[in-house]
Protein chains: 2
Amino acid sequence: MHPLPEKPAWLNRVSILGVGLLGGSVGMSLRRSGVHVVGYSRRESSCRAAVDAGAVDEGYTDIEAACRGSDVVVIASPVDKIAQLASQAGESLARHALITDVGSTKARIVAEVESISPAASRQFIAAHPIAGSEKTGVENASETLLDGKAVILTPRDDAPNELIDRAKAFWLQTGSQLVSMTPAEHDERLATVSHVPHLVSSLLASLPDDESMPLVGSGWKDMTRVASGDPLMWAAICQHNREAILSQIDRMADELLSLREKLACDDPASLMQWLEDAKARKDATL
Amino acid sequence: MHPLPEKPAWLNRVSILGVGLLGGSVGMSLRRSGVHVVGYSRRESSCRAAVDAGAVDEGYTDIEAACRGSDVVVIASPVDKIAQLASQAGESLARHALITDVGSTKARIVAEVESISPAASRQFIAAHPIAGSEKTGVENASETLLDGKAVILTPRDDAPNELIDRAKAFWLQTGSQLVSMTPAEHDERLATVSHVPHLVSSLLASLPDDESMPLVGSGWKDMTRVASGDPLMWAAICQHNREAILSQIDRMADELLSLREKLACDDPASLMQWLEDAKARKDATL
């Protein structure tokens with residue numbers, strides 16, 4: 001088992017709104033420390049599945065019942081539902097409780113929570129665990145999914161230090177490592193390392209015609225793995241982070257053009273150097 | 001063990017020129033059927049490594065010594081060296097022997113062999129096993145690498161049926177499955193499913209700045225795996241198949257622009273449909 005910090009005395013009951021792959025994994029990771037985890041799903045069958053999978057101790061189809069008495073509420077829904085759920089959770093929580101989320105975009109979520117519910121916003125520290133999969137559902141959740149993974153915290157400028165410290169202690173308890181930045185910086189960086197690569201994966205999956213499909217190798221298969229992800233979830237991410245994604249698509253198109261020129265003008269040394277630089281950057285992450 | 005065909009009576013001795021990841025795996029796969037495999041490398045140390053890895057029964061630093069008396073010569077060098085090696089191999093071979101290769105491009109290799117050595121060309125059936133890795137070297141070779149993988153044969157129009165049949169029987173003996181097409185069709189299809197995806201992988205590896213590197217997730221990691229491949233090998237592939245790659249880069253740039261428009265005009269239904277179509281194409285290969 002991954003070495004976890006000692007559980008903070010104040011962290012006893014956590015509610016997870018949306019117990020899918022990521023929400024379920026957060027629940028499982030916390031239960032390792034003896035935290036009591038409560039799940040919320042709209043459907044009774046999903047509540048049962050979350051309990052059966054060991055992701056939560058108990059499940060409710062009512063948000064108020066799920067949140068009552070909790071020290072932390074984690075919103076693990078698609079990004080376009082997070083602000084509304086944060087607002088609803090805020091109504092059932094003690095004022096000291098923390099609200100956090102797992103959304104893949106941050107600026108719009110932070111703004112929406114503030115706009116819909118200033119009260120909930122004062123308890124909210126936005127977060128994004130860099131952990132996921134093209135798979136979905138609590139049946140693919142794992143208690144070790146977050147171990148050693150980065151969780152990006154994007155607190156508002158005016159967030160009290162005490163709340164930020166609670167958010168840090170909470171996320172460390174899942175086994176993850178912490179990085180902090182502004183919501184805007186998060187969205188720009190994630191457009192580069194996640195959102196645009198995802199769209200490129202879908203694009204590469206679309207290019208081969210039927211007759212070329214039997215010819216795909218392990219390279220194409222790896223590059224298109226994430227194209228199997230949930231279209232609804234990714235469409236919402238693209239809407240939320242549209243400006244940053246558009247700007248990174250433009251950058252990608254420029255780089256593609258520059259690569260095209262290297263190839264077209266038959267400049268082997270320049271192409272070779274480019275491939276070597278890319279390999280060096282990749283190998284530095286291995 | 002993968003079910004292999006019965007070894008043809010005529011297939012007893014095979015020479016492999018270039019015993020790296022792919023050449024070594026071809027050797028290992030054939031040795032399962034009791035074929036005697038001879039390796040050629042320029043360096044004595046590479047010959048020893050190939051023998052030690054179990055990829056070949058014996059190794060030579062002299063092409064003539066390596067090829068003499070063989071029924072099949074497999075050229076497993078970078079694509080820009082294949083035609084010259086085919087020509088040299090032809091000088092040491094009996095006229096009934098088969099010359100084949102593992103190059104990732106086909107039209108230029110077929111044309112070069114014909115131009116450098118019409119005699120070798122009459123014994124040559126070009127081939128491309130869709131098996132490989134970002135890893136290199138005989139130490140990463142495996143006797144099962146080709147099992148169930150597609151090997152694309154691109155015989156010239158005037159190749160005798162008897163020679164084509166030998167090439168088919170030979171490649172089936174490695175555990176692979178066969179597909180046949182023209183060299184030009186091969187190069188177009190492979191530009192789409194392999195060469196351009198490889199360049200896009202290198203491009204995605206180059207995009208994040210140093211501060212974004214700790215934020216990369218499993219999606220980026222999978223999509224950039226092949227960017228670790230050998231730059232020398234890939235630069236040669238890009239030179240060889242430049243026209244088809246340029247045309248597929250143009251197609252990719254068009255698709256990127258069309259995706260950009262879907263995002264920019266805030267058309268969630270159209271983006272959603274596009275993501276669903278890409279997912280369906282990907283999931284059909286799972």
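With the requirement that a residue be in contact with a Lys or Arg (Cβ under 8 Å, 6 or more places away or on another chain) and either facing chain A (nearest Cβ under 7 Å) or part of a helix (DSSP H, G or I) (or both), what does the stretch B:237-261 give you? Selection gives B:His240, B:Leu246, B:Ile249, B:Asp250, B:Ala253.
Screening the stretch A:133-145 for residues that are of a type outside the set (Asp, Glu) and over 23 Å from A:His36 (Cα atoms) and picking the one that is modelled with the lowest pLDDT gives A:Ser133.
Of all residues in the stretch A:162-179, none are within 7 Å of another protein chain (Cβ to nearest Cβ) and over 14 Å from the mean Cα position of the chain (by Cα). For the stretch A:146-179, the set of residues classified as farther than 17 Å from A:Val35 by Cα and in contact with a helix residue (DSSP H, G or I) (Cβ under 9 Å, 6 or more places away or on another chain) consists of A:Ala150, A:Val151, A:Ile152, A:Leu153, A:Thr154, A:Pro155, A:Arg156, A:Ala159, A:Gln177, A:Leu178, A:Val179, listed by residue number. The residue list B:Trp234, B:Trp274, B:Trp220 contains one member that is among the aromatic types (Phe, Trp, Tyr) and within 21 Å of the chain's Cα centre (by Cα), which is B:Trp234. Taking each residue of the stretch B:136-153 that is surrounded by fewer than 17 Cβ atoms within 10 Å (Cβ to Cβ) and looking for partners that are among the small types (Gly, Ala, Ser) and not in a loop (DSSP other than H, G, I, E, B) with beta-carbon atoms closer than 6 Å, six or more apart or interchain, yields B:Ser142/B:Ser25. Residue count for the stretch B:201-211, restricted to those that are assigned to a loop (DSSP other than H, G, I, E, B) and crowded, with 17+ Cβ neighbours inside 10 Å: 2.
Mind checking which residues of the stretch B:52-64 are surrounded by fewer than 16 Cβ atoms within 10 Å (Cβ to Cβ) and touching a residue at least 12 places away in the same chain (Cβ under 8 Å)?
Within the stretch B:52-64, B:Gly54, B:Glu58, B:Thr61, B:Asp62, B:Glu64 meet the criteria.
Determine, yes or no, whether A:Leu190 is surrounded by fewer than 17 Cβ atoms within 10 Å (Cβ to Cβ) and either polar (S, T, N, Q) or touching a residue at least 12 places away in the same chain (Cβ under 8 Å) (or both). Here the answer is no, as A:Leu190 does not meet what is asked.
So B:Ser41 fits all but one of (1) in contact (Cβ under 8 Å) with a residue 24 or more places away in the chain; (2) surrounded by 19 or more Cβ atoms within 10 Å (Cβ to Cβ); what number is the exception? Unmet condition: (1).
The set of residues in the stretch A:234-257 that are among the polar types (S, T, N, Q) and either within 27 Å of A:Thr136 (Cβ to Cβ) or modelled with pLDDT under 95 (or both) comprises A:Gln239, A:Asn241, A:Gln248. So is A:Lys135 among the basic types (Lys, Arg), outside the structural domain of A:Trp234 (by TED's automatic domain parsing) and within 13 Å of the chain's Cα centre (by Cα) or not? So A:Lys135 fails the test.
Name the residues in the stretch A:86-100 that are under 15 Å from A:Pro118 (Cβ atoms) and hydroxyl-bearing (Ser, Thr, Tyr), would you? First the steps, then the outcome.
Pass one, the stretch A:86-100, residues under 15 Å from A:Pro118 (Cβ atoms): A:86-91, A:93, A:95, A:99.
If the condition is that a residue be under 15 Å from A:Pro118 (Cβ atoms) and hydroxyl-bearing (Ser, Thr, Tyr), then A:Ser87 is the only one that fits.
With respect to the conditions (1) closer than 30 Å to A:Thr224 by Cα; (2) touching a strand residue (DSSP E or B) at 6+ places or on another chain (Cβ under 6 Å), A:Cys67 lacks only one, and its number is (1).
Within the stretch B:212-224, track down each residue that is of a type in the set (A, V, I, L, M, F, W, C) and either touching a Phe, Trp or Tyr at 6+ places or on another chain (Cβ under 6 Å) or in a loop (DSSP other than H, G, I, E, B) (or both). Before the answer, list the steps.
Step one: filter the stretch B:212-224 for residues of a type in the set (A, V, I, L, M, F, W, C), giving B:213, B:215-216, B:220, B:223.
Listed by number, the list holds a single entry, B:Val216.
Give A:Ala191, A:Ala184, A:Ala227 a once-over and let me know the one that is touching a helix residue (DSSP H, G or I) at 6+ places or on another chain (Cβ under 6 Å) and at the interface with chain B (Cβ under 7 Å from one of its Cβ atoms). Outline the logic, then answer.
Values: A:Ala191 fails: at the interface with chain B (Cβ under 7 Å from one of its Cβ atoms); A:Ala184 fails: at the interface with chain B (Cβ under 7 Å from one of its Cβ atoms).
A:Ala227 is the lone residue from the list that is touching a helix residue (DSSP H, G or I) at 6+ places or on another chain (Cβ under 6 Å) and at the interface with chain B (Cβ under 7 Å from one of its Cβ atoms).
The values are calculated or read from the model by the stated rules, or taken from the named source; none is laboratory data. Here the structure is a predicted model, which means the values were calculated and not measured. Ideal geometry is used to build each Cβ from the backbone, glycine not excepted, and the neighbour counts take in all protein chains shown.
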